[in-house]
1. Run through the range 79-135 and list the chymotrypsin sites (Phe, Trp or Tyr not before Pro) located in a DSSP loop whose Cβ has at most 13 other Cβ atoms within 10 Å.
2. Can you give me the accessible area per residue for the range 210-332, using a 1.4 Å probe, in Å²?
3. Strictly over 18 Å apart at the Cα level, which of K226/K318; K29/K49; K29/K156; K132/K259 would you flag in this model?
4. Quick check for you: with a 1.4 Å probe and neighbouring chains kept, what is the accessible area per residue of the range 87-131, in Å²?
5. Which shape class applies to the range 210-332: rounded if a/c is under 1.5, otherwise prolate when a/b exceeds b/c and oblate if not, where a ≥ b ≥ c are the square roots of the Cα gyration tensor eigenvalues?
6. How would you rank 324-330, 10-16, highest first, on the average number of other Cβ atoms within 10 Å across their residues?
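The values are calculated or read from the model by the stated rules, or taken from the named source; none is laboratory data. This is a predicted model, so every value here is computed, not measured. Positions of Cβ are backbone-derived with ideal geometry, glycine not excepted, and every protein chain shown enters the neighbour counts. Heads up: the accessible areas ignore ligands, DNA and RNA and are worked out on the full protein's heavy atoms, side chains in. Shrake-Rupley method; radii C 1.70, N 1.55, O 1.52, S 1.80 Å.
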Amino acid sequence: MPDDSANFETIVFLNGASAEPAPSAGAVKAFLAAHPQIEPDLCVIAVRKPSDADFLRSLLPQTPTRHFVATDFPQLETLLEIVAAKYRPTLAIFPPGLFGAEMAARSAARWRGTAVIGAASFERGEKISAQKSVYSQNLQAVFELTQAPFCLALAKEWLARREPPKVVPPLAAPESAASSAEEAFFSAPSENPPRLLAFELRERKKTSDLAEAKRLLIAGLGLEDKEGVALLSETAAALGCPWGVSRPVAMNAWADLDKLVGVSGAMTSPDWCLTVGVSGAAALLAGVESSRRLASVNTDPEAPIVARSDLAIVGEAKETLKELLLLLRQKNRPKS
Ligand SMILES: Cc1cc2nc3c(=O)[nH]c(=O)nc-3n(C[C@H](O)[C@H](O)[C@H](O)COP(=O)(O)OP(=O)(O)OC[C@H]3O[C@@H](n4cnc5c(N)ncnc54)[C@H](O)[C@@H]3O)c2cc1C
(Lines give C-alpha, C1' and ligand atoms only; values in the text may rest on other atoms or scores of the structure.)
Protein backbone atom coordinates (compact mmCIF):
# COMPACT_ATOMS: atom_id res chain seq x y z
CA MET A 1 0.00 0.00 0.00
CA PRO A 2 1.50 3.33 -1.05
CA ASP A 3 2.33 5.61 1.90
CA ASP A 4 0.77 8.96 1.14
CA SER A 5 0.59 10.12 4.75
CA ALA A 6 2.06 13.51 3.87
CA ASN A 7 -0.91 14.43 1.71
CA PHE A 8 -3.73 14.38 4.16
CA GLU A 9 -4.05 16.97 6.92
CA THR A 10 -7.51 16.04 8.21
CA ILE A 11 -8.93 12.55 7.90
CA VAL A 12 -12.35 11.15 8.77
CA PHE A 13 -12.59 7.43 9.56
CA LEU A 14 -15.82 5.44 9.26
CA ASN A 15 -16.74 1.82 9.86
CA GLY A 16 -18.71 0.85 6.76
CA ALA A 17 -18.48 -2.80 7.82
CA SER A 18 -20.73 -2.33 10.88
CA ALA A 19 -24.34 -3.52 10.87
CA GLU A 20 -25.55 0.08 10.92
CA PRO A 21 -23.15 2.50 9.23
CA ALA A 22 -25.76 5.23 8.66
CA PRO A 23 -26.09 6.64 12.24
CA SER A 24 -22.34 7.07 12.74
CA ALA A 25 -21.88 8.58 9.25
CA GLY A 26 -24.74 10.96 10.04
CA ALA A 27 -23.15 11.89 13.37
CA VAL A 28 -19.82 12.73 11.67
CA LYS A 29 -21.64 14.83 9.05
CA ALA A 30 -23.52 16.71 11.78
CA PHE A 31 -20.22 17.41 13.58
CA LEU A 32 -18.57 18.68 10.38
CA ALA A 33 -21.60 20.84 9.56
CA ALA A 34 -21.29 22.41 13.02
CA HIS A 35 -17.51 22.96 12.51
CA PRO A 36 -17.22 24.53 9.03
CA GLN A 37 -13.57 25.38 9.80
CA ILE A 38 -12.78 21.67 9.64
CA GLU A 39 -12.46 20.58 5.99
CA PRO A 40 -11.42 16.93 5.86
CA ASP A 41 -9.39 16.06 2.79
CA LEU A 42 -9.75 12.30 3.10
CA CYS A 43 -12.41 9.84 4.26
CA VAL A 44 -11.20 6.32 5.07
CA ILE A 45 -13.99 3.74 5.16
CA ALA A 46 -13.59 0.14 6.33
CA VAL A 47 -15.80 -2.12 4.20
CA ARG A 48 -16.38 -5.88 4.05
CA LYS A 49 -16.23 -5.89 0.24
CA PRO A 50 -15.52 -3.23 -2.40
CA SER A 51 -19.09 -3.30 -3.75
CA ASP A 52 -20.33 -2.02 -0.36
CA ALA A 53 -19.02 1.35 -1.54
CA ASP A 54 -22.05 1.66 -3.86
CA PHE A 55 -24.43 1.70 -0.93
CA LEU A 56 -22.20 3.73 1.40
CA ARG A 57 -21.35 6.62 -0.93
CA SER A 58 -24.60 8.52 -0.29
CA LEU A 59 -24.00 8.34 3.47
CA LEU A 60 -20.46 9.71 3.44
CA PRO A 61 -19.28 13.22 4.24
CA GLN A 62 -18.01 15.08 1.19
CA THR A 63 -14.25 14.89 0.91
CA PRO A 64 -11.97 15.32 -2.15
CA THR A 65 -10.59 11.80 -1.62
CA ARG A 66 -11.95 8.51 -0.30
CA HIS A 67 -10.07 5.34 0.55
CA PHE A 68 -12.11 2.16 0.94
CA VAL A 69 -10.23 -0.47 2.94
CA ALA A 70 -11.83 -3.85 2.25
CA THR A 71 -11.37 -6.81 4.49
CA ASP A 72 -13.68 -9.80 4.68
CA PHE A 73 -12.57 -10.31 8.29
CA PRO A 74 -12.84 -6.88 9.92
CA GLN A 75 -10.84 -6.58 13.04
CA LEU A 76 -9.40 -3.50 14.61
CA GLU A 77 -5.79 -4.73 14.84
CA THR A 78 -5.42 -5.01 11.08
CA LEU A 79 -7.13 -1.69 10.44
CA LEU A 80 -4.91 0.01 13.03
CA GLU A 81 -1.76 -1.44 11.41
CA ILE A 82 -2.83 0.00 8.06
CA VAL A 83 -3.89 3.38 9.44
CA ALA A 84 -0.74 3.80 11.52
CA ALA A 85 1.52 2.86 8.57
CA LYS A 86 -0.36 4.72 5.87
CA TYR A 87 -1.53 8.02 7.34
CA ARG A 88 -0.13 10.78 9.51
CA PRO A 89 -2.75 13.51 9.72
CA THR A 90 -2.83 16.47 12.07
CA LEU A 91 -6.49 15.88 12.86
CA ALA A 92 -8.31 12.54 12.73
CA ILE A 93 -12.07 12.28 13.34
CA PHE A 94 -13.71 9.04 14.41
CA PRO A 95 -17.45 8.33 14.85
CA PRO A 96 -19.24 7.99 18.25
CA GLY A 97 -19.28 4.54 19.83
CA LEU A 98 -16.90 1.64 20.49
CA PHE A 99 -15.26 1.53 17.04
CA GLY A 100 -14.49 5.26 17.15
CA ALA A 101 -13.26 5.30 20.76
CA GLU A 102 -10.96 2.32 20.25
CA MET A 103 -9.60 3.53 16.91
CA ALA A 104 -9.01 7.07 18.25
CA ALA A 105 -7.23 5.96 21.43
CA ARG A 106 -5.07 3.37 19.72
CA SER A 107 -4.24 5.47 16.65
CA ALA A 108 -3.14 8.30 18.94
CA ALA A 109 -0.91 5.83 20.81
CA ARG A 110 0.66 4.65 17.56
CA TRP A 111 1.11 8.20 16.21
CA ARG A 112 2.26 9.49 19.60
CA GLY A 113 -0.52 12.07 19.45
CA THR A 114 -3.54 12.93 21.63
CA ALA A 115 -6.91 11.23 21.83
CA VAL A 116 -10.14 12.84 23.01
CA ILE A 117 -12.93 10.28 23.57
CA GLY A 118 -16.41 11.81 23.59
CA ALA A 119 -15.48 15.07 21.87
CA ALA A 120 -18.40 17.51 21.73
CA SER A 121 -16.50 20.27 19.90
CA PHE A 122 -13.08 21.23 18.53
CA GLU A 123 -11.55 24.70 18.19
CA ARG A 124 -8.40 25.70 16.34
CA GLY A 125 -7.97 29.31 17.48
CA GLU A 126 -5.07 30.87 19.35
CA LYS A 127 -4.99 27.56 21.15
CA ILE A 128 -6.16 24.19 19.90
CA SER A 129 -8.83 22.78 22.21
CA ALA A 130 -11.57 20.20 22.48
CA GLN A 131 -14.63 20.22 24.73
CA LYS A 132 -16.24 17.15 26.27
CA SER A 133 -18.53 16.21 29.15
CA VAL A 134 -16.91 15.02 32.37
CA TYR A 135 -18.08 13.83 35.81
CA SER A 136 -21.00 11.86 34.36
CA GLN A 137 -22.11 14.70 32.16
CA ASN A 138 -22.43 17.12 35.05
CA LEU A 139 -19.61 19.33 33.79
CA GLN A 140 -18.26 20.43 30.41
CA ALA A 141 -14.47 20.57 30.26
CA VAL A 142 -12.26 22.30 27.65
CA PHE A 143 -8.91 20.61 27.10
CA GLU A 144 -6.01 22.38 25.40
CA LEU A 145 -4.40 20.02 22.87
CA THR A 146 -0.69 20.36 22.22
CA GLN A 147 0.54 17.00 20.85
CA ALA A 148 -0.67 16.29 17.27
CA PRO A 149 -2.08 14.20 15.67
CA PHE A 150 -5.34 15.02 17.48
CA CYS A 151 -7.64 11.98 17.39
CA LEU A 152 -11.25 12.86 18.20
CA ALA A 153 -13.84 10.15 18.87
CA LEU A 154 -17.11 12.07 18.76
CA ALA A 155 -19.55 12.29 21.65
CA LYS A 156 -22.75 10.22 21.41
CA GLU A 157 -24.80 13.42 21.38
CA TRP A 158 -23.83 13.78 17.71
CA LEU A 159 -25.86 10.64 16.99
CA ALA A 160 -28.97 12.45 18.23
CA ARG A 161 -28.05 15.56 16.22
CA ARG A 162 -27.63 13.78 12.93
CA GLU A 163 -29.75 14.45 9.85
CA PRO A 164 -31.78 11.41 8.74
CA PRO A 165 -29.46 9.89 6.09
CA LYS A 166 -30.59 9.83 2.44
CA VAL A 167 -30.01 6.30 1.17
CA VAL A 168 -29.65 6.26 -2.61
CA PRO A 169 -30.27 2.72 -3.94
CA PRO A 170 -27.21 1.43 -5.90
CA LEU A 171 -29.05 1.53 -9.22
CA ALA A 172 -29.88 5.20 -9.00
CA ALA A 173 -27.37 7.67 -10.51
CA PRO A 174 -25.14 8.65 -7.57
CA GLU A 175 -25.24 12.33 -6.54
CA SER A 176 -22.77 14.45 -8.49
CA ALA A 177 -21.00 15.32 -5.25
CA ALA A 178 -20.52 11.59 -4.49
CA SER A 179 -18.88 10.87 -7.82
CA SER A 180 -16.49 13.89 -7.73
CA ALA A 181 -14.40 12.35 -4.96
CA GLU A 182 -11.17 10.66 -6.03
CA GLU A 183 -11.53 7.09 -4.82
CA ALA A 184 -9.08 4.28 -4.14
CA PHE A 185 -9.67 0.73 -2.95
CA PHE A 186 -7.27 -1.27 -0.82
CA SER A 187 -7.71 -4.74 0.55
CA ALA A 188 -6.48 -5.52 4.02
CA PRO A 189 -4.83 -8.84 4.82
CA SER A 190 -7.37 -11.21 6.37
CA GLU A 191 -4.82 -12.98 8.53
CA ASN A 192 -4.18 -11.71 12.06
CA PRO A 193 -1.33 -9.25 12.62
CA PRO A 194 1.68 -11.01 14.19
CA ARG A 195 1.02 -10.25 17.87
CA LEU A 196 -2.73 -11.07 17.68
CA LEU A 197 -2.93 -14.76 18.68
CA ALA A 198 -6.67 -15.28 18.46
CA PHE A 199 -9.76 -13.34 17.42
CA GLU A 200 -13.49 -14.09 17.67
CA LEU A 201 -16.21 -11.89 16.21
CA ARG A 202 -19.21 -11.62 18.53
CA GLU A 203 -22.31 -9.98 17.15
CA ARG A 204 -23.43 -7.37 19.64
CA LYS A 205 -27.15 -7.57 20.30
CA LYS A 206 -28.61 -4.45 18.68
CA THR A 207 -30.07 -1.87 21.04
CA SER A 208 -31.39 -0.17 18.00
CA ASP A 209 -34.96 -1.01 18.92
CA LEU A 210 -34.41 1.47 21.80
CA ALA A 211 -32.55 4.04 19.69
CA GLU A 212 -35.30 3.95 17.03
CA ALA A 213 -38.27 3.51 19.38
CA LYS A 214 -41.21 5.89 18.88
CA ARG A 215 -42.64 5.13 22.36
CA LEU A 216 -40.55 4.01 25.34
CA LEU A 217 -40.76 3.01 29.00
CA ILE A 218 -37.73 3.32 31.27
CA ALA A 219 -37.29 1.40 34.53
CA GLY A 220 -35.29 3.02 37.33
CA LEU A 221 -34.02 1.96 40.76
CA GLY A 222 -37.30 3.21 42.25
CA LEU A 223 -38.88 -0.04 41.03
CA GLU A 224 -36.92 -1.61 43.88
CA ASP A 225 -36.49 -5.16 42.54
CA LYS A 226 -36.66 -7.58 39.62
CA GLU A 227 -40.41 -8.00 40.07
CA GLY A 228 -40.83 -4.25 39.69
CA VAL A 229 -38.90 -4.32 36.41
CA ALA A 230 -40.95 -7.32 35.25
CA LEU A 231 -44.12 -5.30 35.97
CA LEU A 232 -42.79 -2.51 33.78
CA SER A 233 -41.95 -4.91 30.93
CA GLU A 234 -45.52 -6.29 31.18
CA THR A 235 -46.88 -2.75 30.92
CA ALA A 236 -44.63 -2.08 27.93
CA ALA A 237 -45.97 -5.23 26.27
CA ALA A 238 -49.57 -4.05 26.90
CA LEU A 239 -48.62 -0.70 25.29
CA GLY A 240 -46.82 -2.48 22.45
CA CYS A 241 -43.56 -0.56 22.95
CA PRO A 242 -39.95 -1.36 23.92
CA TRP A 243 -38.51 -0.64 27.37
CA GLY A 244 -35.10 0.33 28.68
CA VAL A 245 -33.46 0.70 32.06
CA SER A 246 -31.18 2.96 34.04
CA ARG A 247 -27.65 1.82 34.94
CA PRO A 248 -28.33 0.69 38.54
CA VAL A 249 -31.12 -1.56 37.25
CA ALA A 250 -28.74 -3.12 34.71
CA MET A 251 -25.95 -3.31 37.30
CA ASN A 252 -28.32 -5.16 39.68
CA ALA A 253 -28.96 -7.62 36.82
CA TRP A 254 -32.69 -6.87 36.99
CA ALA A 255 -32.48 -6.57 33.21
CA ASP A 256 -29.98 -7.22 30.36
CA LEU A 257 -27.19 -4.68 29.85
CA ASP A 258 -28.35 -4.08 26.28
CA LYS A 259 -31.46 -2.42 27.75
CA LEU A 260 -29.29 0.37 29.18
CA VAL A 261 -30.29 3.90 28.18
CA GLY A 262 -28.01 6.91 28.49
CA VAL A 263 -24.44 7.95 27.71
CA SER A 264 -23.19 4.40 28.24
CA GLY A 265 -26.09 2.81 26.38
CA ALA A 266 -28.77 3.72 23.85
CA MET A 267 -29.47 7.34 22.92
CA THR A 268 -33.17 7.65 22.20
CA SER A 269 -35.49 10.25 20.67
CA PRO A 270 -39.03 8.80 20.93
CA ASP A 271 -42.33 10.67 20.45
CA TRP A 272 -43.03 9.94 24.09
CA CYS A 273 -41.10 8.37 26.95
CA LEU A 274 -42.37 7.36 30.40
CA THR A 275 -39.73 6.94 33.11
CA VAL A 276 -40.68 5.09 36.31
CA GLY A 277 -38.61 5.36 39.49
CA VAL A 278 -35.86 7.27 37.69
CA SER A 279 -34.18 10.30 39.34
CA GLY A 280 -33.06 12.02 36.15
CA ALA A 281 -29.30 11.91 36.56
CA ALA A 282 -27.51 13.65 33.68
CA ALA A 283 -26.04 10.39 32.34
CA LEU A 284 -29.52 8.91 31.82
CA LEU A 285 -31.22 12.18 30.90
CA ALA A 286 -28.82 12.56 27.96
CA GLY A 287 -30.37 9.37 26.59
CA VAL A 288 -34.02 10.54 26.79
CA GLU A 289 -33.92 14.34 26.59
CA SER A 290 -34.59 14.26 22.84
CA SER A 291 -38.02 12.73 23.54
CA ARG A 292 -40.83 14.91 22.16
CA ARG A 293 -42.88 14.27 25.32
CA LEU A 294 -41.35 13.11 28.63
CA ALA A 295 -43.41 11.75 31.54
CA SER A 296 -42.26 10.43 34.91
CA VAL A 297 -43.46 8.55 38.00
CA ASN A 298 -41.50 9.33 41.18
CA THR A 299 -42.29 9.60 44.88
CA ASP A 300 -39.95 12.60 45.14
CA PRO A 301 -41.41 15.84 43.72
CA GLU A 302 -37.87 17.33 43.87
CA ALA A 303 -36.30 14.65 41.68
CA PRO A 304 -34.58 16.30 38.66
CA ILE A 305 -36.69 14.22 36.24
CA VAL A 306 -39.88 15.79 37.59
CA ALA A 307 -38.74 19.29 36.59
CA ARG A 308 -37.82 18.01 33.09
CA SER A 309 -41.14 16.21 32.56
CA ASP A 310 -44.13 17.37 30.52
CA LEU A 311 -46.23 15.18 32.85
CA ALA A 312 -45.06 14.08 36.32
CA ILE A 313 -46.95 11.63 38.55
CA VAL A 314 -45.73 11.98 42.14
CA GLY A 315 -46.55 8.50 43.33
CA GLU A 316 -45.38 4.98 44.05
CA ALA A 317 -43.90 3.20 41.02
CA LYS A 318 -45.40 -0.28 41.32
CA GLU A 319 -48.83 0.97 42.39
CA THR A 320 -48.95 3.38 39.45
CA LEU A 321 -47.90 0.66 36.98
CA LYS A 322 -50.53 -1.74 38.35
CA GLU A 323 -53.20 0.96 37.82
CA LEU A 324 -51.94 1.65 34.30
CA LEU A 325 -51.84 -2.08 33.44
CA LEU A 326 -55.42 -2.50 34.67
CA LEU A 327 -56.61 0.39 32.47
CA LEU A 328 -54.75 -0.98 29.46
CA ARG A 329 -56.18 -4.45 29.92
CA GLN A 330 -59.70 -2.96 30.12
CA LYS A 331 -59.01 -0.92 26.99
CA ASN A 332 -57.45 -3.86 25.11
CA ARG A 333 -60.25 -6.25 26.14
CA PRO A 334 -62.10 -7.41 22.97
CA LYS A 335 -65.58 -5.87 22.80
CA SER A 336 -68.15 -8.67 23.37
C1 LIG B 1 -19.37 7.61 33.61
C2 LIG B 1 -20.80 7.32 34.00
C3 LIG B 1 -21.68 6.89 33.02
C4 LIG B 1 -23.01 6.61 33.35
N5 LIG B 1 -23.84 6.20 32.36
C6 LIG B 1 -25.14 5.97 32.67
C7 LIG B 1 -26.07 5.59 31.64
O8 LIG B 1 -25.75 5.46 30.48
N9 LIG B 1 -27.37 5.37 32.02
C10 LIG B 1 -27.80 5.52 33.32
O11 LIG B 1 -28.99 5.31 33.61
N12 LIG B 1 -26.94 5.88 34.31
C13 LIG B 1 -25.63 6.10 34.00
N14 LIG B 1 -24.77 6.47 35.00
C15 LIG B 1 -25.28 6.51 36.41
C16 LIG B 1 -26.09 7.77 36.67
O17 LIG B 1 -25.20 8.80 37.05
C18 LIG B 1 -27.11 7.56 37.78
O19 LIG B 1 -26.48 7.02 38.91
C20 LIG B 1 -28.27 6.63 37.36
O21 LIG B 1 -28.81 7.05 36.12
C22 LIG B 1 -29.37 6.65 38.41
O23 LIG B 1 -30.32 5.69 38.09
P24 LIG B 1 -31.80 5.76 38.74
O25 LIG B 1 -32.43 7.03 38.38
O26 LIG B 1 -32.49 4.54 38.36
O27 LIG B 1 -31.51 5.64 40.32
P28 LIG B 1 -31.56 6.75 41.44
O29 LIG B 1 -30.74 7.91 41.09
O30 LIG B 1 -31.28 6.06 42.71
O31 LIG B 1 -33.09 7.26 41.47
C32 LIG B 1 -34.15 6.47 41.90
C33 LIG B 1 -35.39 7.39 41.91
O34 LIG B 1 -36.52 6.60 42.24
C35 LIG B 1 -37.34 7.31 43.14
N36 LIG B 1 -38.03 6.29 43.94
C37 LIG B 1 -37.52 5.54 44.94
N38 LIG B 1 -38.47 4.66 45.37
C39 LIG B 1 -39.57 4.87 44.61
C40 LIG B 1 -40.86 4.29 44.55
N41 LIG B 1 -41.19 3.29 45.35
N42 LIG B 1 -41.72 4.74 43.62
C43 LIG B 1 -41.40 5.76 42.77
N44 LIG B 1 -40.18 6.36 42.78
C45 LIG B 1 -39.29 5.91 43.69
C46 LIG B 1 -36.38 8.15 43.97
O47 LIG B 1 -37.04 9.33 44.45
C48 LIG B 1 -35.30 8.51 42.93
O49 LIG B 1 -35.58 9.74 42.29
C50 LIG B 1 -23.46 6.76 34.69
C51 LIG B 1 -22.58 7.21 35.68
C52 LIG B 1 -21.26 7.47 35.33
C53 LIG B 1 -20.32 7.95 36.40
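1. Y135
2. Ligands and nucleic acids excluded, the result is 47 Å² per residue.
3. On the way: K226/K318 12 Å; K29/K49 23 Å; K29/K156 13 Å; K132/K259 25 Å.
Checking Cα-Cα distances, K29/K49; K132/K259 exceed 18 Å.
4. Details: 1850 Å² over 45 residues.
Heavy-atom SASA per residue in the range 87-131 reads 41 Å².
5. Values: a/c = 1.22, a/b = 1.18, b/c = 1.03.
Note, shape of the range 210-332 comes out rounded.
6. Working: 324-330: 13.3, 10-16: 24.7.
Highest to lowest by the protection proxy: 10-16, 324-330.
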